[in-house]
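Chemist: Got a structure for you, written out below as structure tokens; questions coming shortly.
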Protein chains: 2
Amino acid sequence: MPGISNKARQMPFSPIRKLVPYAETAISKGKKVFFLNIGQPDIATPKNVLDKISNHNLDVIEYSHSAGFESYRKGLVKYYNGVGINLSHEQIIVTTGGSEALQFGFMSCFDPGDEVIIPEPFYANYNSFSIMAGVKVVPVTAKIENGFALPPIEEFEKRISLRTKGILICNPGNPTGYLYTKEELEKLRELVLKYNLFLFADEVYREFCYDGKQHHSIMNLEGLEQHAIMVDSVSKRYSMCGARVGALVTKNKYVLETVMKFAQARLSPPTLGQIAGEEALNTPQSYFDEVIEEYVERRNTLVDALHKIPGVKCPRPSGAFYVIAELPIDDADKFCEWILEYFEYNGKTVMMAPASGFYSMPQAGRNQVRLAYVLEKNHLKEAAEILGKALEVYKDAEMVTAKIPTL
Amino acid sequence: MPGISNKARQMPFSPIRKLVPYAETAISKGKKVFFLNIGQPDIATPKNVLDKISNHNLDVIEYSHSAGFESYRKGLVKYYNGVGINLSHEQIIVTTGGSEALQFGFMSCFDPGDEVIIPEPFYANYNSFSIMAGVKVVPVTAKIENGFALPPIEEFEKRISLRTKGILICNPGNPTGYLYTKEELEKLRELVLKYNLFLFADEVYREFCYDGKQHHSIMNLEGLEQHAIMVDSVSKRYSMCGARVGALVTKNKYVLETVMKFAQARLSPPTLGQIAGEEALNTPQSYFDEVIEEYVERRNTLVDALHKIPGVKCPRPSGAFYVIAELPIDDADKFCEWILEYFEYNGKTVMMAPASGFYSMPQAGRNQVRLAYVLEKNHLKEAAEILGKALEVYKDAEMVTAKIPTL
């Protein structure tokens, strides 16, 4: 039989993939599992969007323009103006989710062997998109002690080589929830100009900023017009991950022209998702106000409950809907399996994402987990309680060697 | 400013891209343009599908499973059984159009520098997907004299090198409309086994077979279970190109496991498109009967009209909804520009796709065009008449050098 490619062998499995059978077994044994491992919000999609889909007047579900419907791109211009980003609709290419924007952006800007510096922990799929483009990820580790703030700019500079072509950030961050300050972005701006790099920013959590803090887009960094490439998505903003509609935004016309070649090859982003996306631009502000209020309460509920558990460290982030927590254990991969397989409290347990999948240094973040606060507050509280009880009885060495023979 | 990648420089623009401004100018001057250049059917999407979208009962437009909704994959199993292909739902990974299935399949099976043999003329975007995966396309030219039948298998064999990892066919073919016979597929089967290659088949036009001829899937070639990878799509079958729902189908579990890693990286195929795709499985046979009858009449209308034009050669293909026509000219790229820019008959003109974009040998197919019969019969007849009138007055050398200074 012919063999699969070496490139494909390098592709990581989803970091939570190997936990899924444990969760399924737990459920089949009658345990209730609180899923804190995924970024699928439980918040309803705006009603105007759901109604718009019902009231579609299509006769043929046709391709759109490869860059997305022009009316949608013009609508997006108004949306961006509203958040302080000025551009034209020709500077937006609608993509199949933020994922495709990153794939096309990486393939347009980076050749196999080129290097991109990414602060870690980072969204696990950045590794996948890098492998797809043949790009080498060079990590700079952000520290939990600093709440995952931007690592010192000297640490970036140390990692710049002749093959370095870009830097990628996620702001606010998945999985850290960290919201970069204007000052941090200014430091990146200087570095990018000094070494003539591309600066990619995944800004899909733009609306999810808390405690009165403000989001700053790389699109507004002075002098970066030819360097800045922003990745966006409707997935989280309007709680419609399944629409698969995102965008690549840049003022660099060579990049736009190039990304269009990739966009033409796959013909068009999803038509129905774009209809949803265009209508979503009419979502009333009250929707966002309620969602933000809800997420702030959830974050506080979860972080406060985690802080009560002895030995647990967890910064209180200002954005997105994730926290990274450090647990008093050695190996979160093993612990996350154990809690599903062997632990229950009142018949319930918790699924978490081990943070190792969000680091590219093999030993980094081994004692950390990512928790998504996409559940109701009382469920979050209960989940944290279960975690606390589990940590009381869990002892790395003996329980793991005794009960989990191969890991 | 940082430069784009070398990989991106190799990406071709869409073969019709440079014609678009000529078509726009023609329209702005008041000419009516018949668009025979694109594969966007004008046939309505089945009513049950449009109704299903209206009657969705979603509260949250969530991600699906990365391999697609299980209910949809189980529905697809029944559909495939109905066309004589037996498999299980675990052997289907739902993708964002057939395009993504090819991208994931190529990246899973081929490394940069590997070679894939493709009979040409072929769907232009195969070049793009190959460049994205770093794969070298090795063409074998099919001849218009033979109606674009499979080239002699010795021609394939001559092109096999140590880097050859696969063969890709499109059946029925875009842009040729050619439907491979059982015997042709058997020859490919033997070759694939002899050299231990992957055999990819793009079977998205499976339903569009005419004159009582039958489609044969590579999924039924004996002994190819570990070699055959089939690409599928709802786009043409149900006239819903904008749904962006396709599938990669194979019995090779290593390929499936590998493709899943790419599928997980992009999270999920479009949810709304999958709802449409699942409902489309309930489309009554009468829909297809009417569509096939309509396409047969259109094909005959177009081919008969082309045969009346002196010097035009055009096989009458048995599948899909395209024909390749050879015109009595030297350079179809120039002619397709000229007919839009300088010609009109009764205030009307025609947009065609020059076939050069479907060949990878630079001089092949220079005097050929691809015509899609996705217009009403009377429009097709009129378009062919305009083409005939244009060819009466067009003289390659002087008109081109005189009127089109740079090409």
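What follows draws every value from the coordinates through simple rules; no lab data is involved. The model shown is predicted, which means the values in this text are computed figures rather than measured ones. Positions of Cβ are backbone-derived with ideal geometry, glycine not excepted, and every protein chain shown enters the neighbour counts.
Chemist: Which residue, A:PRO121, A:PRO175, A:PRO284, has the most motion in a Gaussian network model of chain A that connects Cα atoms within less than 10 Å?
Modeler: Evaluated over chain A, the most mobile residue of the options is A:PRO284.
Chemist: How would you classify chain A from its alpha-carbon gyration tensor, with a ≥ b ≥ c the square roots of the eigenvalues: rounded for a/c under 1.5, else prolate if a/b is greater than b/c, otherwise oblate? Mind showing how you got there, number by number?
Modeler: Details: a/c = 1.61, a/b = 1.35, b/c = 1.19.
Prolate, since a/c reaches 1.5 and a/b exceeds b/c.
Chemist: Net charge within 11 Å of A:GLY30 by Cβ-Cβ distance, Lys/Arg positive one each and Asp/Glu negative one each, not counting A:GLY30 itself? Each step should come with its number before you reach the end.
Modeler: Numbers: positive: A:LYS29, A:LYS31, A:LYS32, A:LYS348; negative: A:GLU344.
Taking every other residue near A:GLY30 into account, the sum is +3.
Chemist: Right, another one. Can you name the helices of chain B, as whole DSSP H runs, whose Cα span along the helix axis is 24 Å or more and whose Kyte-Doolittle mean is not below -0.5? Kindly include the intermediate steps, with their values, before the conclusion.
Modeler: Numbers: long enough: B:285-307 (33 Å, -0.65); B:377-393 (25 Å, -0.22).
Those that clear 24 Å and a mean of -0.5 are B:377-393.
Chemist: So what are the ³J(HN,Hα) numbers for the stretch B:198-204, from phi and the Karplus equation (6.51, -1.76, 1.60; θ = phi - 60°), rounded to whole Hz, Gly and Pro as x?
Modeler: Result, rounded to whole Hz: 7, 10, 8, 9, 8, 10, 5.
Chemist: Taking chain B as a Gaussian network, where each spring joins two C-alpha atoms under 10 Å apart, which residue of B:VAL393, B:VAL323, B:VAL49 fluctuates the most?
Modeler: Maximum fluctuation in the GNM of chain B, among the listed residues, is at B:VAL393.
Chemist: Give me the percent of DSSP beta bridges within the protein assembly as shown that run antiparallel, rounded to the nearest 5.
Modeler: Of those bridges, close to 45 percent are antiparallel.
Chemist: Using a 7 Å offset from Cα along the direction of the beta-carbon, what are the separations from A:GLY311 to the same position in each other copy, nm, ascending?
Modeler: 8.7
Chemist: Relative contact order (percent) for chain B, with alpha-carbon contacts under 8 angstrom and 6 or more residues of separation?
Modeler: Normalised by residue count, the contact order of chain B is 24 percent.
Chemist: Compute a Gaussian network model of chain A, connecting alpha carbons closer than 10 Å, and tell me which residue from A:GLU154, A:GLU293, A:GLU341 fluctuates the most.
Modeler: Judging by the Gaussian network model, the answer is A:GLU154.
Chemist: Shape of the stretch A:96-225 from its Cα gyration tensor (a ≥ b ≥ c, root eigenvalues): rounded if a/c is under 1.5, otherwise prolate when a/b > b/c, or oblate?
Modeler: rounded
Chemist: Nearest-5 percent of antiparallel DSSP beta bridges in the stretch B:58-280?
Modeler: 35
Chemist: Given contacts defined as C-alpha pairs under 8 Å and at least six residues apart, what's the relative contact order of the stretch A:56-280, whole-number percent?
Modeler: 28
Chemist: Continuing with the same structure: As a test, work out the antiparallel percent of DSSP beta bridges whose residues both lie in chain B, rounded to the nearest 5.
Modeler: That works out to approximately 45 percent antiparallel.
Chemist: Quick one: order A:MET352, B:MET11, A:MET1 by neighbouring beta-carbon count within 10 Å, fewest to most. Let's see the in-between values first.
Modeler: Details: A:MET352 25, B:MET11 21, A:MET1 11.
Starting with the residue having the fewest Cβ neighbours, the order is A:MET1, B:MET11, A:MET352.
Chemist: Determine the alpha carbon to alpha carbon distance for each of A:LYS52/A:LYS213; A:LYS47/B:LYS74; B:LYS194/B:LYS236; A:LYS7/A:LYS253; A:LYS78/A:LYS251 and list only those over 26 Å.
Modeler: Details: A:LYS52/A:LYS213 33 Å; A:LYS47/B:LYS74 31 Å; B:LYS194/B:LYS236 34 Å; A:LYS7/A:LYS253 30 Å; A:LYS78/A:LYS251 16 Å.
Flagged as over cut-off: A:LYS52/A:LYS213; A:LYS47/B:LYS74; B:LYS194/B:LYS236; A:LYS7/A:LYS253.
Chemist: Now for a separate question. Which of the lysines could be linked to B:LYS31 by a straight reach, that is with a Cα gap under 23 Å, when you skip same-chain ones fewer than 8 residues away?
Modeler: List returned: B:LYS18, B:LYS334, B:LYS348, B:LYS377, B:LYS381, B:LYS389, B:LYS395, B:LYS403.
Chemist: Based on the alpha-carbon gyration tensor of the stretch B:199-253 and its eigenvalue square roots a ≥ b ≥ c, which shape applies: rounded if a/c is under 1.5, prolate if not and a/b is larger than b/c, or oblate?
Modeler: oblate
Chemist: Taking the Cβ of A:GLY39 as the centre, find all other residues whose Cβ is under 10 Å away and add up their charges (Lys, Arg: +1; Asp, Glu: -1).
Modeler: Local charge sum for A:GLY39: +2.
Chemist: Quick one: net charge around B:SER268, please, counting Lys, Arg +1 and Asp, Glu -1 for every other residue with C-beta under 10 Å from its C-beta.
Modeler: So the environment of B:SER268 carries a net charge of +1.
Chemist: Give the nm distances, rounded to one decimal, from A:GLU290 to the matching residue in every other copy, measuring between label points 7 Å along Cα toward the beta carbon; shortest first.
Modeler: Those label-point separations list as 4.2 nm.
Chemist: Residues with amide H under 5 Å of A:ILE160's amide H, sequence separation 5 or more or different chain, H placed in the peptide plane at 1.01 Å from N; which?
Modeler: Those qualifying (amide H under 5 Å, at least 5 residues apart or on another chain) number zero.
Chemist: Taking the radius of gyration and the Kirkwood hydrodynamic radius from Cα positions alone, what is the Rg/Rh ratio for the stretch B:58-280, to two decimal places?
Modeler: Answer for the stretch B:58-280: 0.95.
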